[in-house]
Every structure is written in C-alpha cells, then in structure tokens.
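The values are calculated or read from the model by the stated rules, or taken from the named source; none is laboratory data. All figures in this text were calculated on a predicted structure; none of them were measured in a lab. All Cβ positions, even for glycine, are placed from backbone atoms using ideal geometry, and neighbour counts span all protein chains on display. Quick note on the areas: whole protein, heavy atoms, side chains included, nothing else; ligands and nucleic acids left out. Shrake-Rupley method; radii C 1.70, N 1.55, O 1.52, S 1.80 Å.
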Amino acid sequence: MSTVVVTGGTGTAGRAVVNALVAAHHDVVVTSRSTSSVHGRVRTVRLDYGSPADLEAAFHGPDAVVHCATSFTGVRGGETELGRRVLAGARRVGCGHVVSISIVGIDRIPLPYYRAKLATEKLVENSGVPWTILRATQFHELVTRLLSGLTRPPLVLVPDIPVQPVAAEEVGARLAALAAARPAGRVPDLGGPEITTLPALARSYVAAIGRRRRVRAVRLFGSVFAGYHAGHHLAPGDATGTITYQDHLDAWVRTRR
Ligand SMILES: NC(=O)c1ccc[n+]([C@@H]2O[C@H](COP(=O)([O-])OP(=O)(O)OC[C@H]3O[C@@H](n4cnc5c(N)ncnc54)[C@H](OP(=O)(O)O)[C@@H]3O)[C@@H](O)[C@H]2O)c1
C-alpha cells in the first residue's frame with residue numbers, strides 16, 4: 001500500500017485512476033480546483049495550478065504522482081505550465097515517481113494542444129523525478145462528447161478519419177498499475193481494441209440514442225487532418241484495450257435511461 005497523488009483526479013482519466021488505486025488499497029490524494037473532502041481512502045485537496053498554490057499541502061509524502069490534470073487555457077502558459085508546477089511540487093517533496101498521461105501521435109500532428117503535450121513530456125523526462133509516460137489513443141468518452149455535438153443538426157457531417165478509441169477506465173487501470181510499479185520511462189502505448197472510422201462511430205451513436213440522422217463523411221484538409229488521415233494518432237501494434245466503443249455506448253445509454 002502506498003500514497004498516490006492524482007492531479008486532475010476529478011476528470012475522465014483521473015477518476016478512473018482513483019477508482020483503480022482505491023481498489024488496489026492505496027491511499028489517494030486528489031487535487032481539484034473545486035472541493036476539499038475526505039471519502040474513505042480518498043482525500044481531495046483544493047488546489048489550482050493556475051495560482052500560487054501550496055503544493056506541499058497536497059504533495060506531502062506521496063510515493064507517486066499520477067498527473068492527469070489538463071488545461072487548454074486555464075493556467076497561463078496552458079498545459080505545459082500546469083505540468084511544470086506539478087513537477088516542481090513533486091521535486092520539492094522528494095516524490096520518487098511521476099506517471100504522466102499523454103496522447104499517441106502528439107509528435108506528428110501539429111495541433112497546438114499536442115505541441116504543449118509534447119513539451120510537457122520533455123519536462124517530465126528532464127524533471128529529475130523518476131518518471132513513466134503512457135500515451136493513449138482518444139477516450140470513448142471524448143468521442144461521445146464530440147459526436148453529441150456533431151449529431152445535433154439534421155444532416156450530420158463527420159470528418160472521415162480513422163479512430164481507435166479506448167475506455168478511460170482501462171487507461172486509468174494501466175496508470176494505477178504503473179504508479180504502483182517502478183519508474184519505467186516511456187512505456188508501450190495503449191490503444192483501443194478496434195480501428196474504425198469516426199463516421200462509423202457516429203452512425204452507432206445516432207442509432208444508440210434513437211436519433212434519426214443521415215451521417216455524411218467529409219474529407220477535411222490541412223496539416224492537422226493530413227496527420228489524422230495518415231493515422232498518426234493510432235496505435236495498431238498496441239491495441240490492448242478490450243472495451244469497444246459499442247460496449248461503451250451500450251453502458252452509457254443504460255445510464256441515461
Ligand atoms: N480525453 C482523451 O481522449 C485523452 C486521450 C489520451 C490522453 N489524454 C490525456 O489525459 C489527461 C486527462 O484528460 P481528461 O480527458 O481526463 O481531462 P478532463 O476530464 O478534462 O479533466 C481535467 C482535469 O484537470 C483538472 N484541472 C484543470 N485545470 C486545473 C487547474 N488549473 N488546477 C488544478 N486542476 C485542474 C480538472 O479538475 P477540476 O475541474 O476538478 O479542478 C480535471 O480533473 C490529459 O493530459 C489528456 O491530454 C486524454
């Protein structure tokens with residue numbers, strides 16, 4: 001048993017990490033901007049990496065930090081500055097292991113957020129804190145959020161790109177296992193069990209929620225979509241997730257009834 005800090009432990013990946021750590025009988029400290037509370041083995045500490053923060057209050061004596069907090073704009077300097085502050089806290093308290101979640105293809109698709117993720121990976125590698133980095137493909141939950149917006153108009157236009165989504169639950173379980181193990185550097189990517197297309201998932205989504213929509217696949221241009229068309233965000237050799245998008249949809253629809 002050990003104590004693990006989960007930054008962003010209220011988010012999609014972070015919640016899954018917390019559940020897996022608790023199931024494995026670890027004590028968990030979650031950092032979040034909104035609440036302070038204690039529930040069983042989980043202590044939530046209010047902490048905003050966007051303002052001068054008392055990191056030691058949260059980072060007191062953890063064996064590992066799993067870094068899942070993410071920010072597009074919330075922290076000045078965005079994602080990378082957030083990572084820098086987390087790493088500074090981990091270093092200050094002599095934490096022995098930082099586990100960081102990243103994204104497959106960030107070095108080959110020129111999205112600003114991906115550039116920031118890549119810069120954050122470099123910070124982790126050079127932080128002086130023993131580290132592990134796991135890259136994953138897009139989460140099922142992100143795909144569903146995206147499709148929920150795209151499928152509102154009567155004619156649904158969906159980028160014709162390949163996708164290999166993975167369940168956040170499986171990413172969380174992998175991160176928790178990595179946190180309990182020795183620092184391992186960059187570990188094999190985690191991809192979902194099947195490679196399909198976003199329009200195919202959009203058709204599954206509208207069928208699952210009973211919305212009558214025609215889905216049309218559209219080809220988009222530019223360097224970002226060239227990267228997606230080329231499949232740089234896929235991990236065909238690391239399709240170790242087992243929960244399919246349809247599994248996720250079935251469970252998600254049940255919770256909406
Ligand atoms: N989504 C995907 O498909 C995907 C795929 C591969 C990798 N990833 C990576 O996985 C990580 C987590 O993504 P996610 O989708 O789980 O994110 P998310 O659901 O949006 O959660 C973001 C978390 O960050 C915390 N946070 C944001 N700004 C903060 C700040 N200024 N100070 C403290 N906490 C802050 C939020 O906590 P509060 O709101 O409670 O403060 C929340 O818990 C990211 O690094 C992302 O790049 C995501």
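It is to be established whether one or more residues within segment 206-213 are touching a residue at least 60 places away in the same chain (Cβ under 8 Å), assigned to a loop (DSSP other than H, G, I, E, B) and open to solvent by less than 60 Å² (accessible area, probe 1.4 Å).
Checking segment 206-213: not a single residue is touching a residue at least 60 places away in the same chain (Cβ under 8 Å), assigned to a loop (DSSP other than H, G, I, E, B) and open to solvent by less than 60 Å² (accessible area, probe 1.4 Å).
Residue-by-condition table, conditions (1) touching a Ser or Thr at 6+ places or on another chain (Cβ under 9 Å); (2) more than 26 Å from residue 6 (Cα to Cα); (3) free of Cβ contacts under 8 Å to residues at least 24 places away in the same chain; (4) of a type in the set (Gly, Ala, Ser):
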position	(1), (2), (3), (4)
142	yes, no, no, no
164	yes, no, no, no
185	yes, no, no, yes
202	yes, yes, no, yes
252	yes, no, no, no
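Which numbered condition trips up residue 36, out of (1) open to solvent by 70 Å² or more (accessible area, probe 1.4 Å); (2) small (Gly, Ala, Ser); (3) more than 13 Å from the ligand (Cβ to nearest atom); (4) touching a Ser or Thr at 6+ places or on another chain (Cβ under 8 Å)?
Here residue 36 meets the rest and fails (3).
Residue 56 fails exactly one of the following numbered conditions: (1) farther than 30 Å from residue 229 by Cα; (2) open to solvent by 40 Å² or more (accessible area, probe 1.4 Å); (3) away from the ligand (no atom under 12 Å from the Cβ); (4) part of a loop (DSSP other than H, G, I, E, B). What is the number of that condition?
Result: residue 56 passes all but (4).
Looking at segment 159-203 only, could you name the residues that are buried (at least 18 other Cβ atoms within 10 Å of the Cβ), of a type outside the set (A, V, I, L, M, F, W, C) and in contact with a Leu (Cβ under 8 Å, 6 or more places away or on another chain)?
Matches in segment 159-203: 159, 164, 165, 170, 174, 189, 191.
Which members of segment 6-22 meet the condition of being surrounded by fewer than 21 Cβ atoms within 10 Å (Cβ to Cβ) and either among the basic types (Lys, Arg) or touching a residue at least 60 places away in the same chain (Cβ under 8 Å) (or both)?
At the first step, the residues of segment 6-22 found to be surrounded by fewer than 21 Cβ atoms within 10 Å (Cβ to Cβ) are 10-12, 15, 19, 22.
The answer is 12, 15, 19.
With the condition kept exactly as written, say whether any residue in segment 23-30 is within 13 Å of the ligand (Cβ to nearest atom), in a loop (DSSP other than H, G, I, E, B), open to solvent by 40 Å² or more (accessible area, probe 1.4 Å) and not small (Gly, Ala, Ser).
Looking for residues that are within 13 Å of the ligand (Cβ to nearest atom), in a loop (DSSP other than H, G, I, E, B), open to solvent by 40 Å² or more (accessible area, probe 1.4 Å) and not small (Gly, Ala, Ser), one finds none in segment 23-30, hence no.
Only one of (1) over 20 Å from residue 171 (Cβ atoms); (2) more than 9 Å from the ligand (Cβ to nearest atom); (3) in contact (Cβ under 8 Å) with a residue 24 or more places away in the chain is not met by residue 50, so which one is it?
Looking at each condition in turn, residue 50 falls short on (2).
For segment 118-131, give me each residue that is closer than 30 Å to residue 244 by Cα and surrounded by fewer than 22 Cβ atoms within 10 Å (Cβ to Cβ).
Of everything in segment 118-131, those that are closer than 30 Å to residue 244 by Cα and surrounded by fewer than 22 Cβ atoms within 10 Å (Cβ to Cβ) turn out to be 118, 121.
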